[in-house]
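*Asks:* Next up is a structure, given as structure tokens.
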Amino acid sequence: MKNFFNKFIPQRPGTVRDTEAEQLKRRVASLYGLYSGLIGSEKVVLKAGKLDALGLLRSDSLPERVLALQKLVFEDPTVNKLPSLDEIPALLEEIEDELADLMARRAVEDKLEKKIAERMEERHREYVQEIKMQVLKEEEDNVETPQTLKKYAILEKLEQKKLTKSAMEQLRPGSLGEIVGQERAIEALRAKLASPYPQHLILYGPPGVGKTTAARLVLEEAKKLQYTPFAKDAAFVEVDGTTLRWDPRDMTNPLLGSVHDPIYQGARRDLADTGVPEPKPGLATDAHGGILFIDEIGEMDPMLQNKLLKVLEDKRVFFDSAYYDPSDPNVPKYIKKLFEEGAPADFILIGATTRDAREITPAIRSRCAEIYFEPLTPKHIEEIVYNAAQKLGVAVHPDIPRLIGEYTIEGRKAINILADAYGLALYRGETGQITIDIEDIYKVAQVSRLSPFVNLKATATGEVGKIFGLGVAGYLGSVLEIEAVAFPAAEKGKGRIRFNDTAGSMAKDSVFNAAAVVRKITGQDPADYDIHVNIIGGGRIDGPSAGTAIVAALVSAITGRSIRQDCAVTGEVSIQGRVKGVGGVFEKAFGAKQAGITTIIIPKENEKDIPAGHLGLDIRPVETVDEALAVLFAASESVSA
């Protein structure tokens, strides 16, 4: 570039004026060299072309070259006036000032660019170092330590040890046909579950009769049918209602799910570091597309039952957290989906309970069909024991099924007794086929402190003042022995009625109502007698169903007529002598059968509650006390005759 400017400088000597011109030319050439040094010679030519100064730049005329320099430095294409020789020094002063400013700015910019480059290089090194550390951490997996690896190895070793199946697993029914004594309940369960429109269910019944097993087997059957909505992989999620507790803070809820807030539970570490809450779906989501079976649903917290209602209606579980920010870019997609759409929970609820239906939340009951499983009779227990013995491959004494049936009416308990006796037979060290003897059952009963569940109470001989009433506790019926004695009062009209207070307030009301009915039927005033009514065994009467039985006992005690002892009666009595309907008639029939009763008297209002000839019983519906007494007294008198 220096040679380019030198060609415009004259080399011949001249006057003083020429000397000044030569100085100006050298000054202009120096400024051109300085400017090209700042921006580069190539950029000077390019900028001159854009500013229409390229011709002026290559001119031999000093004014034109000054004009070109003026356009370049000030970047002003509108400057077109050629300066005179007298104006050139002043213009050069302005150009020098502008170049000085340009050089100062360029120095500052260079310094800033250098600092920026240094800072970027430093950040780049830090970023590369962070990536290296992350890769090393992933490669080395620093979470594991020698201690954790040792514990993991111990767990793996424990996994290699397995015992054989328990007796209950081995003897559990493998098909619906193996469930004994629940034919009607299973039929209802199949109709409501193995359907294109399955229903939520509540199963009532005593323990150990096969409620859980029946529900599981019906689902397996439903999955094989094309018209049911259950897929082949439909889940059967089982949980015990007694273990489900509602946390008012909603920090832990295994049934419906909960949110792990970072400030409390931390969620995952990467989520806690960014302050993102993490929803944890519960068993309701695990059961999606299948069955959620809650055993002992009556033991659940009422608040948790109400929360379950919302899930049944929405078929989803929704989560909430004060720490959730939908605009936070750190929130993963699955967390955002759970918070905004909820977790799917479209399942069929099956609850099982041994409690009374009145103890279940009415809102739950209104959404569920109800099925009652029946108590097992001794005959059912005998069949269960016989089938279990065949599965165990053992020989049993012919009287053992009957003997076990005397100690329990639960199928599960009967199998446990048989399994314990099986262990005693093995302990004897027999060779060949193992045989369980009667003595083995008695030993199990003695060690387990078992007593006969049912004592035969019915007899063929009538008795005065004694009658069998029918009661129910839970889903188990029982026979109550009620007796009454009457003696002429020391002073007529001042007799007293006594009864055992342990029978409860209902028994007291029944006795007073019965006294009014007795006077109406017999024409005799109970106040002329000292009467004592007793519930043998101190049984507590929680309802009015013993009213008819107490009337019969009082009439028998006052008149001396005997009551047949193979008959039991239930029913509330009104003071007009009508027999009113009561609850639990179906269960009471089982209790009567176990006690050897052949005939039961029930209110006419309960006639449709029990099929005719159920359990081989002679069932007599009555509307009045007179009809009941006709059955009780006439039969006993004919037997005595």
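*Asks:* Straight distance only, please: which lysines reach the Cα of residue 111 with their own Cα at less than 26 Å, same-chain residues fewer than 8 apart left out?
*Replies:* Hits, sequence-local ones excluded: 43, 47.
*Asks:* Given H placed 1.01 Å from N in the peptide plane, which residues other than close sequence neighbours of residue 497 have an amide H under 5 Å from its amide H?
*Replies:* Result for residue 497 returns 531.
*Asks:* At q = 0.19, 0.20, 0.22, 0.23 Å⁻¹, what log₁₀ I(q)/I(0) does a Debye calculation on the Cα points of segment 548-620 give, no solvent, two decimals?
*Replies:* Listed by q, the Debye log ratios stand at -0.79, -0.87, -1.01, -1.07.
*Asks:* Calculate the translational D of segment 182-372 in whole µm² s⁻¹ from Stokes-Einstein, where the hydrodynamic radius comes from the Kirkwood formula applied to all Cα pairs, the temperature is 25 °C and the viscosity 0.890 mPa s.
*Replies:* Result for D is 138 µm²/s.
*Asks:* When the helices in the chain are scored as -39500 (n - 2.57) per DSSP H run of 4 or longer and the sum is shared across all residues, what 222 nm value do you end up with, to the nearest 500 deg cm²/dmol?
*Replies:* Here the helix-only value at 222 nm equals -14500 deg cm²/dmol.
*Asks:* Using a Debye calculation, one point per C-alpha and no hydration shell, please list log10 I(q)/I(0) for the chain at q = 0.07, 0.08, 0.11 Å⁻¹ in order.
*Replies:* -0.71, -0.84, -1.15
*Asks:* Quick one: what are the phi-derived ³J(HN,Hα) couplings along segment 365-376, Karplus 6.51/-1.76/1.60 with θ = phi - 60°, whole Hz, x for glycine and proline?
*Replies:* These are the phi-based 3J(HN,Hα) values: 4, 5, 9, 10, 6, 10, 10, 9, 8, 8, x, 8 Hz.
*Asks:* For segment 90-106, in order, what is each residue's ³J(HN,Hα) by Karplus, 6.51 cos²θ - 1.76 cosθ + 1.60 with θ = phi - 60°, in whole Hz (x at glycine and Pro)?
*Replies:* 5, 5, 5, 4, 5, 5, 5, 4, 5, 5, 5, 4, 5, 5, 5, 4, 5
*Asks:* A further question on this structure: Using 0.36 nm times the number of residues separating residue 128 and residue 386, minus their current alpha carbon distance, what extension gain do you get? Can you show the working numbers first?
*Replies:* On the way: separation 258, 0.36 × 258 = 92.88 nm, distance 7.57 nm.
Stretched out fully, the residue 128 to residue 386 stretch lengthens by 85.3 nm.
*Asks:* Show the residues, 5+ positions off or on another chain, whose built amide H is closer than 5 Å to the amide H of residue 280.
*Replies:* The answer is 258, 259, 260.
*Asks:* Relative to the longest principal axis of the C-alpha atoms of the chain, give the angle of the C-alpha long axis of helix 211-223, reported between 0 and 90° and rounded to the nearest 10°.
*Replies:* It works out to around 60 degrees.
*Asks:* If you line up the Cα atoms of segment 584-626 on their principal axes, what length do they span on each, largest first, in Å?
*Replies:* Reported extents, whole Å, longest axis first: 27, 20, 16.
*Asks:* Let me ask something else. How far apart, in nm, are the 7 Å Cα→Cβ label points at residue 574 and residue 320?
*Replies:* Between residue 574 and residue 320, the simple spin-label model gives 5.1 nm.
*Asks:* Expressed as a fraction of 2.2 N^0.38 Å, the rule-of-thumb size for a compact globular protein of N residues, what is the C-alpha radius of gyration of segment 23-109?
*Replies:* Here the answer is 1.01, to two decimals.
*Asks:* Order of 407-417, 306-316, 73-83, 197-207 by packing, highest average Cβ count within 10 Å first?
*Replies:* Values: 407-417: 21.9, 306-316: 16.1, 73-83: 12.7, 197-207: 19.3.
Listed from highest to lowest mean packing, they are 407-417, 197-207, 306-316, 73-83.
*Asks:* Next question. Are any of the pairs 224/413; 192/223; 457/494; 223/608 more than 24 Å apart by Cα-Cα distance, and if so, which?
*Replies:* Where the Cα-Cα span goes over 24 Å, the pairs concerned are 224/413; 457/494; 223/608.
*Asks:* Under the Karplus relation 6.51 cos²θ - 1.76 cosθ + 1.60, θ = phi - 60°, what is the ordered set of whole-Hz ³J(HN,Hα) values for segment 528-535, x standing for Gly and Pro?
*Replies:* 7, 10, 8, 10, 10, 10, 9, 9
*Asks:* Under a cut-off of 18 Å between alpha-carbon atoms, report the lysines in cross-link reach of residue 150, not counting same-chain residues fewer than 8 places apart.
*Replies:* Hits, sequence-local ones excluded: 161.
*Asks:* Another question, then. Sort 211, 466 so that the residue with the fewest other Cβ atoms within 10 Å of its own Cβ comes first and the one with the most comes last.
*Replies:* Least to most surrounded, the residues fall as 466, 211.
*Asks:* Across 10 Å bins from 0, what is the distribution of all Cα-Cα pair distances for segment 463-640, in whole percents?
*Replies:* It works out to 11, 42, 36, 9, 1, in whole percents.
Quick note: the coordinates plus some simple rules give every number you see, no bench work behind them. Predicted model only: the values in this text are computed from it and were never measured. Glycine also receives a Cβ, built like all others from the backbone with ideal geometry; neighbour counts cover every protein chain displayed.
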